[in-house]
Amino acid sequence: MSLLIRNALVYDGSGAAPMKADVAVEGGAIVGVGPDLPVRADEVRDAGGLALAPGFIDVHTHDDAVALEADGLHPKLSQGVTTVVTGNCGISLAPSPMAGREAPPPPLDLIGEAAAYRFPRFVDFLDALRAFTPGCNVVPLVGHHVLRARAMADLARPAADHEIEAMRADLAEALAAGAAGLSTGLAYPPARHATTDEIAALAADVAAAGRIWTTHMRDERLGVVSSVAETLDVARRSGVRTLISHHKCCGEAAFGLSATTLAMIETARKTMPIDLDLYPYTASSTVLIETFARDSRKVTVSWSDPHPEMAGRDLAEICAEWGVDQNEAIGRLRPGGAIYHQMDDGDLERILAYPPTLVGSDGLPRDKRPHPRLWGAFPRVLGHYARDKGVISLQTAIAKMTGQTAKTLHLADRGRIAPGCKADLVLFDPAAIHDAADYDHPVRPAEGIAGVWVNGVLAWAEGAPTDAPRAGQVLAA
Ligand SMILES: [Zn+2]
């Protein structure tokens, strides 16, 4: 099956200015790029001058479980995403942490309930993904929370040496199976008591395997500066390639600290491979945690197992209705999740404009009332932040979702429109693209996306999935 897309404005993913060109695809790969290609193809499509970019790489997802569902990656395909990095923030579906437990300890319940954690080893998860064929390509990380929960019954303490050895054995299995790297989430209860030494020991194994460490840092509020210092310390000691996840400064007291953190990162980058990503919203979302709610202007409940009727409700209203304080309400609503309005657009724009920063969604696909980033993150950067606000150029925005991301993840044949690269492509209207999902209507597909190809297969077109078979691949390291 060959495809020729004619008359496109090609953004090749390198950050270079676009050029009018045709793109020829054969056997799932790009075989030619240039003006007026003299190529015959089974299918010819006139792009009508629309923008053609490499399929977006969502560098920060929690799509582990939904990658195994037929329509689970539709929120991503609808935005032009063709590759998702799973297993972030310490949370991965494998290897299973369920021995001796009835429920996955929060935040592992963000991606699935007990039954979802059914893979004894990391390789079993990858085998299941391959057998299923996901809707997008998957770059799988293994999460520190599950390693820790397998090694320790009581997570509220530092790990002993033999427990770190047990984590290292599981990590070795995951890396051998093809995990792209290790993620940690030191802000979360299962890892809060993990020492810097514990993380450095694991990071050294990741470095030895040539893989990447992604970190949801210990503190993204007033302590964000010391968290960056800890991150750089681990990177220096282990030599690991490091990706700081969803960089942000939460709570009014921390507004503006990104000037300091980016300066630290910039200095460190002179001697170490440090990158970072962000999602383009001033509200975060995760499980219900008292300290996260405390620093927020507004908190919206996104899901609650004991009180499902409260999804979408304002936490302050719930407190008033129940006549209880915030902590008591959170206790009653848990297990549950929330959206925390707690960032400043000035920090967001500064971080987005910083050249090394990549774009991710951090979408939570299981939430009843999800944060709109699940359906809108990429079009929001292209429309709101690049075209409308001019924070970065369109070609820079695209590079932060494609070529730059592929480079950081060591994906040699993704993220570029060039001969030899896989035909992950998105065709969109630069004048019309925008995120339609917002906090009031969080599951609306973005507008302006004309077509999305995964490995040469048209997977999404004109606002809906096609009936082509799923074409995603597991991009094991
Ligand atoms: Zn996170």
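The values are calculated or read from the model by the stated rules, or taken from the named source; none is laboratory data. None of the values given here were measured: they were computed from a predicted structure. Backbone-built Cβ (ideal geometry, glycine too); neighbour counts: all protein chains shown. Just the protein is used for accessible areas: all its heavy atoms, side chains included, with ligands, DNA and RNA removed. Shrake-Rupley method; radii C 1.70, N 1.55, O 1.52, S 1.80 Å.
Test Leu202 against the stated conditions and say whether it is under 13 Å from Arg148 (Cβ atoms), more than 16 Å from the ligand (Cβ to nearest atom) and either among the polar types (S, T, N, Q) or touching a residue at least 40 places away in the same chain (Cβ under 8 Å) (or both).
Values: under 13 Å from Arg148 (Cβ atoms): yes; more than 16 Å from the ligand (Cβ to nearest atom): yes; either among the polar types (S, T, N, Q) or touching a residue at least 40 places away in the same chain (Cβ under 8 Å) (or both): yes.
Taking the combined requirement at face value, the residue satisfies it.
Can you name the number of the only condition in (1) over 30 Å from Ala204 (Cβ atoms); (2) within 16 Å of the ligand (Cβ to nearest atom); (3) at pLDDT 95 or above that Phe292 fails?
(3)
Checking the conditions here, which among Val206, Val240, Val224, Val228 is in contact with a Gly (Cβ under 7 Å, 6 or more places away or on another chain) and open to solvent by less than 40 Å² (accessible area, probe 1.4 Å)? So that I can check it myself, show each step before the final result.
Numbers: Val240 fails: in contact with a Gly (Cβ under 7 Å, 6 or more places away or on another chain); Val224 fails: in contact with a Gly (Cβ under 7 Å, 6 or more places away or on another chain); Val228 fails: in contact with a Gly (Cβ under 7 Å, 6 or more places away or on another chain).
Val206 is the lone residue from the list that is in contact with a Gly (Cβ under 7 Å, 6 or more places away or on another chain) and open to solvent by less than 40 Å² (accessible area, probe 1.4 Å).
Among the listed residues Thr184, Thr215, identify the single one that is within 16 Å of the ligand (Cβ to nearest atom), touching a residue at least 60 places away in the same chain (Cβ under 8 Å) and crowded, with 20+ Cβ neighbours inside 10 Å. Full working, then the answer.
Values: Thr215 fails: touching a residue at least 60 places away in the same chain (Cβ under 8 Å).
Testing whether each residue is within 16 Å of the ligand (Cβ to nearest atom), touching a residue at least 60 places away in the same chain (Cβ under 8 Å) and crowded, with 20+ Cβ neighbours inside 10 Å leaves just Thr184.
May I ask you to list pairs of residues, at least six apart or on different chains, whose Cβ atoms are under 9 Å apart, with the first in the stretch 7-31 being aromatic (Phe, Trp, Tyr) and the second being part of a loop (DSSP other than H, G, I, E, B) and open to solvent by 60 Å² or more (accessible area, probe 1.4 Å)?
From the stretch 7-31, the pairs are Tyr11/Ala17.
If a residue has to be crowded, with 19+ Cβ neighbours inside 10 Å and within 16 Å of the ligand (Cβ to nearest atom) to count, how many in the stretch 187-199 make the cut?
Taking the stretch 187-199 first, the residues crowded, with 19+ Cβ neighbours inside 10 Å are 187-188, 190-191, 194, 198-199.
Going one step further and asking which of them are within 16 Å of the ligand (Cβ to nearest atom), we end up with 187-188, 190-191, 194, 199.
Total satisfying the criteria: 6.
Looking at Gly337, Gly346 in this structure, which one is outside the structural domain of Leu243 (by TED's automatic domain parsing) and either of a type outside the set (S, T, N, Q) or surrounded by 22 or more Cβ atoms within 10 Å (Cβ to Cβ) (or both)?
Testing whether each residue is outside the structural domain of Leu243 (by TED's automatic domain parsing) and either of a type outside the set (S, T, N, Q) or surrounded by 22 or more Cβ atoms within 10 Å (Cβ to Cβ) (or both) leaves just Gly337.
For the stretch 247-275, which positions are among the hydrophobic types (A, V, I, L, M, F, W, C), in a helix (DSSP H, G or I) and surrounded by 14 or more Cβ atoms within 10 Å (Cβ to Cβ)? Spell out the reasoning first.
Going residue by residue through the stretch 247-275, those that are among the hydrophobic types (A, V, I, L, M, F, W, C) are 249-250, 253-255, 257, 259, 262-265, 268, 272, 274.
Filter again for in a helix (DSSP H, G or I), leaving 253-254, 259, 262-265, 268.
Hits for the stretch 247-275 are Ala254, Leu262, Met264, Ile265, Ala268.
Here are Ala450, Ala446, Ala461, Ala436: which of them is over 22 Å from the mean Cα position of the chain (by Cα), in contact (Cβ under 8 Å) with a residue 12 or more places away in the chain and within 24 Å of His384 (Cβ to Cβ)?
Every option except Ala450 fails the conditions.
Look at the stretch 220-246 and say how many of its residues are more than 16 Å from the ligand (Cβ to nearest atom), hydrophobic (A, V, I, L, M, F, W, C) and part of a helix (DSSP H, G or I). Quick ask: steps written out before the conclusion?
If we filter the stretch 220-246 for residues that are more than 16 Å from the ligand (Cβ to nearest atom), which is where we start, we get 222, 225-226, 229, 232-241.
From what is left, the residues that are hydrophobic (A, V, I, L, M, F, W, C) are 222, 225, 229, 232, 234-235, 240.
Cutting the leftovers down to part of a helix (DSSP H, G or I) gives us 225, 229, 232, 234-235.
Qualifying residue count, the stretch 220-246: 5.
Using the structure shown, decide if Arg150 is surrounded by fewer than 24 Cβ atoms within 10 Å (Cβ to Cβ) and within 16 Å of the ligand (Cβ to nearest atom).
Working: surrounded by fewer than 24 Cβ atoms within 10 Å (Cβ to Cβ): yes; within 16 Å of the ligand (Cβ to nearest atom): no.
It is false that Arg150 is surrounded by fewer than 24 Cβ atoms within 10 Å (Cβ to Cβ) and within 16 Å of the ligand (Cβ to nearest atom).
Keeping to the stretch 349-359, report how many residues are assigned to a helix (DSSP H, G or I) and open to solvent by less than 10 Å² (accessible area, probe 1.4 Å).
Looking only at the stretch 349-359, we keep the residues that are assigned to a helix (DSSP H, G or I), and these are 349-353.
Then keep just the ones that are open to solvent by less than 10 Å² (accessible area, probe 1.4 Å); that gives 351-352.
Number satisfying all stated conditions: 2.
For the stretch 251-274, how many residues are under 17 Å from Leu348 (Cα atoms) and among the polar types (S, T, N, Q)?
Counting residues in the stretch 251-274 that are under 17 Å from Leu348 (Cα atoms) and among the polar types (S, T, N, Q) gives 3.
Residue under question is Val299, and the condition is that it be assigned to a strand (DSSP E or B), away from the ligand (no atom under 16 Å from the Cβ) and hydrophobic (A, V, I, L, M, F, W, C); does it hold?
Working: assigned to a strand (DSSP E or B): yes; away from the ligand (no atom under 16 Å from the Cβ): yes; hydrophobic (A, V, I, L, M, F, W, C): yes.
The answer is yes for Val299.
Here is a check on your reading of the model: is Ile318 outside the structural domain of Tyr354 (by TED's automatic domain parsing), away from the ligand (no atom under 16 Å from the Cβ), among the β-branched types (Val, Ile, Thr) and in a helix (DSSP H, G or I)? So that I can check it myself, show each step before the final result.
Values: outside the structural domain of Tyr354 (by TED's automatic domain parsing): yes; away from the ligand (no atom under 16 Å from the Cβ): yes; among the β-branched types (Val, Ile, Thr): yes; in a helix (DSSP H, G or I): yes.
So Ile318 passes the test.
Residues Ser78, Ser92: which one is among the small types (Gly, Ala, Ser) and closer than 19 Å to Val426 by Cβ? Before you say what the answer is, go through the steps one by one.
Numbers: Ser92 fails: closer than 19 Å to Val426 by Cβ.
Matching residue, one of Ser78, Ser92: Ser78.
When you scan the stretch 301-308, do you find a residue that is buried (at least 16 other Cβ atoms within 10 Å of the Cβ) and without any contact (Cβ under 8 Å) to a residue 40 or more places away in the chain, even just one? If you could, list the steps in order and put the result at the bottom.
In the first step, residues of the stretch 301-308 are kept if they are buried (at least 16 other Cβ atoms within 10 Å of the Cβ); the result is 301-304, 307.
With the extra rule that they be without any contact (Cβ under 8 Å) to a residue 40 or more places away in the chain, the set shrinks to 304, 307.
Yes - at least one qualifying residue is present in the stretch 301-308.
Out of the stretch 321-342, which residues are of a type outside the set (Val, Ile, Thr) and either part of a helix (DSSP H, G or I) or without any contact (Cβ under 8 Å) to a residue 24 or more places away in the chain (or both)? Spell out how you get there, then give the answer.
So in the stretch 321-342, the residues of a type outside the set (Val, Ile, Thr) come out as 321-323, 325-329, 331-338, 340-342.
Listed by number, the residues that qualify are Glu321, Trp322, Gly323, Asp325, Gln326, Asn327, Glu328, Ala329, Gly331, Arg332, Leu333.
With the condition being away from the ligand (no atom under 16 Å from the Cβ) and open to solvent by 20 Å² or more (accessible area, probe 1.4 Å), I'd like the strands (runs of 3 or more DSSP E) fully within the stretch 39-132 carrying at least 1 qualifying residues. Spell out how you get there, then give the answer.
Numbers: elements: 43-46, 51-54, 56-58, 81-86.
Answer list for the stretch 39-132: 43-46.
Can you work out which of the residues in the stretch 274-284 that are touching a Gly at 6+ places or on another chain (Cβ under 9 Å) and under 30 Å from Arg236 (Cα atoms) is farthest from the ligand (Cβ to nearest atom)? Before the answer, list the steps.
Start the filter on the stretch 274-284 by keeping residues that are touching a Gly at 6+ places or on another chain (Cβ under 9 Å), which leaves 277-281.
Filter once more, so that each one left must be under 30 Å from Arg236 (Cα atoms): 277-280.
Working: Asp277: 10, Leu278: 11, Tyr279: 10, Pro280: 15 Å.
Filtering the stretch 274-284 for residues that are touching a Gly at 6+ places or on another chain (Cβ under 9 Å) and under 30 Å from Arg236 (Cα atoms), the one farthest from the ligand (Cβ to nearest atom) comes out as Pro280.
Go over the candidates Arg294, Arg380, Arg366 one by one and state the one that is within 23 Å of the chain's Cα centre (by Cα) and open to solvent by 60 Å² or more (accessible area, probe 1.4 Å).
Working: Arg294 fails: within 23 Å of the chain's Cα centre (by Cα); Arg380 fails: open to solvent by 60 Å² or more (accessible area, probe 1.4 Å).
Sole residue among the options that is within 23 Å of the chain's Cα centre (by Cα) and open to solvent by 60 Å² or more (accessible area, probe 1.4 Å): Arg366.
Name the one entry in Ala194, Ala169, Ala159 that is outside any loop (DSSP other than H, G, I, E, B) and over 19 Å from Asp275 (Cα atoms). Steps first, please.
Details: Ala194 fails: outside any loop (DSSP other than H, G, I, E, B); Ala159 fails: outside any loop (DSSP other than H, G, I, E, B).
It is Ala169.
Under 20 Å from Leu243 (Cβ atoms), without any contact (Cβ under 8 Å) to a residue 60 or more places away in the chain and either among the aliphatic types (A, V, I, L, M) or not assigned by TED's automatic domain parsing to the domain that holds Tyr117 (or both): is that true of Val142 in this structure? So that I can check it myself, show each step before the final result.
Values: under 20 Å from Leu243 (Cβ atoms): yes; without any contact (Cβ under 8 Å) to a residue 60 or more places away in the chain: yes; either among the aliphatic types (A, V, I, L, M) or not assigned by TED's automatic domain parsing to the domain that holds Tyr117 (or both): yes.
Spelling it out, Val142 is indeed under 20 Å from Leu243 (Cβ atoms), without any contact (Cβ under 8 Å) to a residue 60 or more places away in the chain and either among the aliphatic types (A, V, I, L, M) or not assigned by TED's automatic domain parsing to the domain that holds Tyr117 (or both).
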